[in-house]
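*Asks:* Okay, handing you the structure first.
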Amino acid sequence: MLTRIWSAAIMIPLAALFAYLGGWWFFVAIAVIIGLATYEFYELMKAGGYHPGTPLGVLFSLALLLTAQFPEVLVTDIIVTAALLLTLIWHLIAYETGVTDKPASDWALTVAGALYLGWMGNLFLQLRDLPDGLGWIILACVPVWVGDSGAYFIGIKWGKHKCCPRLSPKKSWEGTIAGWVTGTLSMLLIGLVLGLPWWHGLVLGMLVALITPLGDLAESMFKRQVKIKDSSNLIPGHGGALDRIDSLLFSVPIVFYYLTLAVW
C-alpha cells in the first residue's frame, strides 16, 4: 500500500500538470501512455502464444491520436487505410517466413489492440480540446478514481459476496455497489462545480459508475487468458500503463459523447 501511495503521489501531479497545459504537451503525455499501453497489450498476447505485429500496431495506435490533432476526414481515412493494409502485409510475410502459424488471429489482434487503445486515446485529446476541456478531463477521471477507492476499501472491509469470480475473484458486490455510489456522487458534485446541471451530472455519474468497472474487467479478461497478473511492472505497486488506464478507456468516451450529444 505504501508503494502504491508513493507512486500515486508522483503520477497524479504529473498527470494534472500535462492536463492543465493541454495542447501538444497533453498530446505528448497521452502518446507516451497510449504507446506504452499498446505495447503492453501486444506483450500480453505474445505471452498467450500469439504474434501480433507490435511495431506497426504501436505506430497505428499513435497515428490514431494524430487524427485528433488534425481532424480532417482525409487524414483519418489515409491513416486507417494504410494501417489496415500494412498490418495485413506484415502478417502475410510473417506467415510465409514461418514466424507465425496463426496469421489471421495475429492480424486481428494487431488491429484490435491499436483501435482499442489508439481510438480511445484519441477521445482523451478530443475531450481536452472541448471548451473548458480541463474541467471535463477532471470530470472523466476523478470520479473513476473515487469509485475505485470506494470499491476497494469497502470490499476489503465488508466484501463477502463475489461479483465476478472468474474474471476478478477479489471483487465483491459490496465493493462494487460502494464504487457505484461513491463514483456517482463524486460525478454529481464535480459536475455542479463545473456548471453542469444536476440531472446531467446524476445521469452521467450513473453511466460512468456502472460501465467503467467493465474496463477493468476487460483487461482482467485479457490477462486471465494468458495467465499474467499485471500488464507490466512499469509503475511500482500499480502494474503497467494499461493497468492504470483500463477504466478510463471506458469513462472518457462516455463523458465525451454525453457532453457532445446530450448536453450541447
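*Asks:* Can you pull out the GluC sites (Glu not before Pro) in segment 10-91 whose DSSP state is coil and whose Cβ has at most 16 other Cβ atoms within 10 Å?
*Replies:* Working: sites: Glu40, Glu43, Glu72; in loops: Glu72.
When the GluC sites (Glu not before Pro) of segment 10-91 are filtered for loop state and at most 16 Cβ neighbours within 10 Å, Glu72 remain.
*Asks:* Please report the net charge: other residues with Cβ closer than 15 Å to the Cβ of Ser231, K and R +1, D and E -1.
*Replies:* Values: positive: Lys46, Lys223, Arg224, Lys227, Lys229, Arg244; negative: Glu40, Glu43, Asp216, Glu219, Asp230, Asp243, Asp246.
Summing Lys and Arg as +1 and Asp and Glu as -1 gives -1.
*Asks:* Additional query: With every protein chain left in place and a probe of 1.4 Å, what is the accessible surface of Lys46, to the nearest 10 Å²?
*Replies:* We get 90 Å² for Lys46.
*Asks:* Between rounded, prolate and oblate, where does segment 32-91 land on the alpha carbon gyration tensor, with a ≥ b ≥ c its root eigenvalues, rounded for a/c under 1.5, else prolate if a/b exceeds b/c? Write down the numbers at each step before the final one.
*Replies:* Details: a/c = 4.08, a/b = 1.57, b/c = 2.59.
The shape class here is oblate.
*Asks:* Follow-up question, since we're still on this one. Give the shape of segment 172-264 as rounded, prolate or oblate, defined through the alpha-carbon gyration tensor: a ≥ b ≥ c are the square roots of its eigenvalues, a/c under 1.5 means rounded, and otherwise the shape is prolate if a/b is larger than b/c and oblate if not.
*Replies:* Numbers: a/c = 2.39, a/b = 2.01, b/c = 1.19.
Cα axes put segment 172-264 in the prolate bin.
*Asks:* Comparing Ala104, Ala140, Ala19, which has the greatest mean-square fluctuation in the GNM of the chain with Cα pairs linked when under 10 Å apart?
*Replies:* Ala104
*Asks:* Run down the aspartates and glutamates and flag those whose C-alpha is under 12 Å from the C-alpha of Lys46, throwing out any fewer than 8 positions away in its chain.
*Replies:* Asp106
*Asks:* Would you compute, from DSSP H runs of 4+ residues alone, the mean residue ellipticity of the chain at 222 nm, taking -39500 (n - 2.57) per run and dividing by the full residue count, rounded to the nearest 500? Let's see the in-between values first.
*Replies:* On the way: 12 runs with 198 residues, N = 264.
Calculated from helices alone, the mean residue ellipticity at 222 nm is -25000 deg cm²/dmol.
*Asks:* Next question, about the same structure. Which helices, taking whole DSSP H runs in the chain, have alpha carbons extending 18 angstrom or more along the helix axis plus mean Kyte-Doolittle at least 0.0?
*Replies:* Qualifying helices: 2-21, 23-47, 54-69, 73-96, 133-158, 173-193, 198-211.
*Asks:* Also, I was wondering about something else. With Cβ to Cβ distances under 15 Å as the rule, what net charge do the other residues near Thr260 carry (K, R +1; D, E -1)? Before the final figure, lay out each step's value.
*Replies:* Working: positive: Arg128; negative: Asp129, Asp132.
With Lys, Arg at +1 and Asp, Glu at -1, the net is -1.
*Asks:* Please list Arg166, Arg128 in order of solvent-accessible area, largest first, computed with a 1.4 Å probe with all protein chains present.
*Replies:* Output order, biggest surface exposure first: Arg166, Arg128.
*Asks:* Sequence neighbours fewer than 8 away in the same chain don't count; with that in mind, list the lysines whose C-alpha is under 25 Å from Lys162.
*Replies:* In chain and number order, the partners are Lys170, Lys171, Lys223, Lys227, Lys229.
*Asks:* If you don't mind, there's one more thing I want to ask. Using only the Cα atoms of segment 103-259, build the gyration tensor, take square roots of its eigenvalues as a ≥ b ≥ c, and label the shape rounded, prolate or oblate: rounded if a/c is under 1.5, else prolate if a/b is larger than b/c, else oblate.
*Replies:* On the way: a/c = 2.11, a/b = 1.17, b/c = 1.81.
The shape class here is oblate.
*Asks:* Give the aspartates and glutamates whose C-alpha is closer than 17 Å to that of Lys102, dropping any in the same chain fewer than 8 places away, or say none.
*Replies:* Partners found: Glu43.
*Asks:* May I ask for log10 I(q)/I(0) of segment 68-167 at q = 0.12 Å⁻¹, from a Debye sum over the Cα atoms as equal point scatterers with solvent left out?
*Replies:* Here log10 of I(q) over I(0) equals -0.72.
*Asks:* As a test of reading the structure, rank Met206, Met11 by solvent-accessible area (1.4 Å probe, protein chains only), most first. Working shown, then result.
*Replies:* On the way: Met206 95, Met11 60 Å².
Descending order: Met206, Met11.
*Asks:* Related question: Once ligands and nucleic acids are excluded and a 1.4 Å probe is used, how much of Asp148 is accessible, expressed in Å² to the nearest 10?
*Replies:* 80 Å²
*Asks:* Can you give the charge dipole size of the chain about its Cα centre, rounded to the nearest 20 debye, using +1 on the beta carbon of Lys and Arg and -1 on the beta carbon of Asp and Glu? Could the numbers behind the result be given before it?
*Replies:* Values: 15 positive and 16 negative charges, 207 e Å.
For this selection, approximately 1000 debye.
The values are calculated or read from the model by the stated rules, or taken from the named source; none is laboratory data. Worth saying up front: this structure is predicted, and the values here are computed from it rather than measured. Positions of Cβ are backbone-derived with ideal geometry, glycine not excepted, and every protein chain shown enters the neighbour counts. In case anyone asks, the SASA skips ligands and DNA or RNA and just uses the protein heavy atoms, side chains included. Shrake-Rupley method; radii C 1.70, N 1.55, O 1.52, S 1.80 Å.
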